[in-house]
Structure formats: structure tokens, C-alpha cells
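The values are calculated or read from the model by the stated rules, or taken from the named source; none is laboratory data. This one's a predicted model, so the numbers in the text were calculated from it and none came from an experiment. Cβ placement follows ideal geometry from the backbone for every residue including glycine, while neighbour counts extend to all protein chains displayed. Remember, those area values only see protein heavy atoms, side chains included, never the ligands or the DNA or RNA. Shrake-Rupley method; radii C 1.70, N 1.55, O 1.52, S 1.80 Å.
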Amino acid sequence: MTLNIESYKKIRVLVIGDLMIDGYLWGDVDRISPEAPVPVVAVKQETTTLGGAGNVINNLTAMGACVSVAGTAGMGSTGRLMLEKLKALGVDTGGIVDEPDRPTTKKTRIIAANQQVLRIDRENPDEISSVTLEKVTRFLEKEIPRVDLVLISDYAKGLVTKELIQRTVQIAQKSNAITIADPKGLDFSKYQNISMLTPNRKEAGLAAGMAMDSPEALVRAGRKIIKTARLDRLLITCGKDGMVGFDSCGSPFTIKSRARQVFDVSGAGDTVISILGLSLAAGASFQESAAAANAAAGIVVAKVGTATASVDELKGALS
Ligand SMILES: Nc1ncnc2c1ncn2[C@@H]1O[C@H](COP(=O)(O)OP(=O)(O)OP(=O)(O)O)[C@@H](O)[C@H]1O
Ligand SMILES: [Mg+2]
């Protein structure tokens, strides 16, 4: 393998995406509320982590990459916490826009005796306003020429519109920056002309309007997506079945998944786009990059919670 993991440290990455705070309230239940037939959770501890596009950033900074971000966050305590966490990772937050009536996205899990009993979401998934789009665009015009790689982490929270993607692609093409998006939704035409997409099998099936009931069907769906979204490359992730990559001609290659013991698959997609992007930007081939992303995702799913892989762990997995 010609891929040098150490060279990830030299890669400059811009993440454009839906930033979130994942909150966890840990407690115990020993009584039912006198007010309503619901359990009362006595909270013992509260923890918060960066989620959504923020978890892509966690994966990138764990590899030592130099990261800037464009997204939205509010000015309240959750937004301030988000900025604090990003700054602690050394991330340039100059592209974060505060939009009136758009709270900082937060998903709070209530966990009693290690069992999730409720999740409370605060978010506004409406499309960003034209004012926000212009503010973000100004940042992109300044930032994209300075980076090697642009990762778009779409969690359907309103930032990643077709217009924003098309502006990103246009700017990135001028400086030859690689653009990769982890897509959401049924209409992949919004990602047109991006270098690469990384849907999971279900997302790819829905976007292609095809049942993914055989390897042949998956290949047909992949080819259809490559064509309709005019992609250079496509990587469909298939959970425990690994991943299938396609070049612009639609020739597929398959990579088997790596983890033997799986604890938590959440966030595996964030690891895939991060390591795939860093590897391509470091000059590795598509297949090598996908293999590295697969190895990193294998490390992450074997850890508890939404985790990241370290440089040493990834080196070990690839040697
Ligand atoms: N059970 C598993 N065993 C081994 N590897 C796995 C497993 N689940 C996921 N992976 C690895 O993670 C990659 C991405 O997983 P998946 O296809 O589930 O993405 P995803 O649905 O986008 O994940 P998420 O949205 O939870 O972040 C897979 O291609 C594989 O490399
Ligand atoms: Mg995903």
C-alpha cells in the first residue's frame, strides 16, 4: 500500500455540514411520576459530544488533519458549547453562521440504567435563508482555494441545499479540491458534479428507486446513481457486508468489512467519508482509500459509542 497515514496531518479539509450536539442524560429510575404515568429519571450525569458533521470533524482531527467548518449554530448555550468543542479541536469556526429562528441542533438521549428511554430533538430542518446562503458562500470563496479536500456531511437539517452544493462544486473545480458528500434524501441530483458520494445501501436503493435485493441489483443501482448525479466515483457502504465502489464508467469493486466484534455501528458512515477523503487527498488510489476507510470503520464499530480511530490503530489495521 502506498498510502502514508502520517501524511493525513498535512491535509487541509473544509467540512460543510449539519453540525449537532449529541447530549446524554444518564440516570436511574425508581419511581413513577405522581403527575402522569411516566417514569421519573433521577439524573446523575450529563455528557455532550459533537454529532452529525461534528462527528466527521472528530474523525478528521483524530488523524491530525487541519480542519475548517461551514455550518450553522445559534448563540445560546448549546451553540456556545458547540464552538467551544470545535475550538478545543483546533478547528477554524469562521464559517459558522447564526441564523435567526434556527436553534443549534441538539439530540438529547435520556438513559436510565443503561437503557435509552427517550430522545428529545431540538432542530429546525427548513432550508437555510438566502442571507445565510450568501454568508456561507462568501466563506467558501475564501476557504475552498486554501484546502485540499471538501467534505459535505448532509444530515437533512437544511444547510446542504442544491444551490449550496452547486456553488461549492463550482468553486472547488477552480482549485482542483476533491469534493465528497455523504448524502441524504431521495433526490441525488442535488449532488450533481460532486467528485464522489458515500451513501449506505438503503440510501442508494431509495435514491435509485430500486430494491437492493442482490449484488447485481446493487451494481445496477450504483450505475444509475453515477449517471444521474454525474459523479466521478461512488462508494456504497453495506454495513457488515463492507462496501462497493464504482468509478465513472460504473465498474464495481467490493471490499469486505473488517470488524470481528461489533459494539456500536453509529457514526461508521462519518468515519468512512473522513478516511476516504484524507486518503484520496494524500494521493492514494480510490481502492486503497476505500480499503483504509473500511479498516477505520471496522475499528470504530468495535468501540462503544460514536468513536474515532487513532493514527496508530489505523496503521496497525493496515499493516
Ligand atoms: N457490523 C459491522 N461489521 C463490520 N464493519 C461494519 C459493520 N457495520 C458497519 N461497518 C463498517 O462501516 C462502514 C459503514 O457502515 P454503514 O454502511 O452501516 O454506514 P451508515 O449506515 O452510513 O452508518 P451510520 O449512518 O450509522 O454512520 C461499512 O462499510 C463497514 O466498513
Ligand atoms: Mg450514513
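Side notes on the structure shown:
- Over the chain, dividing the summed -39,500 (n - 2.57) contributions of all DSSP H runs of at least 4 residues by the number of residues returns a 222 nm mean residue ellipticity of -11000 deg cm²/dmol.
- Full-stretch length increase - Glu127, Lys202 - with 0.36 nm per residue and alpha-carbon distance subtracted: 24.6 nm
- For segment 221-237, the Karplus equation 6.51 cos²θ - 1.76 cosθ + 1.60, evaluated at θ = phi - 60°, returns couplings of 5, x, 5, 5, 5, 3, 6, 5, 9, 6, 8, 7, 8, 9, 10, 9, 8 Hz by residue, with Gly and Pro reported as x.
- Normalised convex hull volume, the chain, alpha-carbon set, Å³ per residue: 146
- Förster-model FRET efficiency, 30 Å R0, Asp28 and Gln261, C-beta, rounded to 0.05: 0.60
- Extension reserve of the Gln116-Arg12 stretch, reckoned as 0.36 nm per residue once the Cα distance is removed: 33.7 nm
- Model label sites at Asp101 and Lys142, defined 7 Å from Cα along the beta-carbon direction, differ in position by 2.8 nm.
- Applied to segment 201-208, the Karplus parametrisation 6.51 cos²θ - 1.76 cosθ + 1.60 on θ = phi - 60° returns per-residue 3J(HN,Hα) values of 4, 5, 4, 5, x, 5, 5, 7 Hz, with x for Gly and Pro.
- Set of aspartates and glutamates near Lys106 by C-alpha distance (under 12 Å), chain-local residues within fewer than 8 positions excluded: Asp18, Asp22, Asp121, Glu123
- Expressed as a whole percent, the accessible area of the chain that falls on carbon and sulfur atoms is 51 (1.4 Å probe).
- In the chain, the longest principal axis of the Cα atoms and the axis of helix 162-175 are about 50 degrees apart.
- Placed amide H near Val97: partners under 5 Å, 5+ positions off or other chain: Gly71, Thr72, Ala73
- Value of Rg/Rh across segment 1-77 [Cα atoms, Kirkwood radius]: 1.24
- Segment Lys162-Met75, extension gain: residue separation times 0.36 nm, minus the distance between their alpha carbons: 28.7 nm
- Spherically averaged projected area of segment 185-319 from its Cα convex hull (nm²): 7.8
- Whichever lysines have a C-alpha closer than 16 Å to that of Lys184, once near sequence neighbours (fewer than 8 apart) are set aside: Lys157, Lys162, Lys202
- Rounded to whole Hz, the Karplus (6.51, -1.76, 1.60) HN-Hα couplings of segment 19-25, x for glycine and proline: 7, 9, 10, 9, x, 9, 9
- Alpha-carbon Debye profile of segment 74-163, log10 I(q)/I(0) at 0.17, 0.18, 0.19 Å⁻¹: -0.89, -0.98, -1.07
- In degrees, nearest ten, helix 53-62 long axis to first principal axis of the chain (Cα): 70
- Residue-normalised accessible area of segment 1-149, given per residue in Å² at a 1.4 Å probe: 50
- Remark: the chain carries a charge dipole of roughly 520 debye about the Cα centre, counting +1 on each Lys and Arg Cβ and -1 on each Asp and Glu Cβ.
- For the chain, the longest principal axis of the alpha carbon atoms and the long axis of helix 77-88 meet at an angle near 50°.
- Per residue value of the accessible surface for segment 179-319 (all protein chains in place, 1.4 Å probe), Å²: 43
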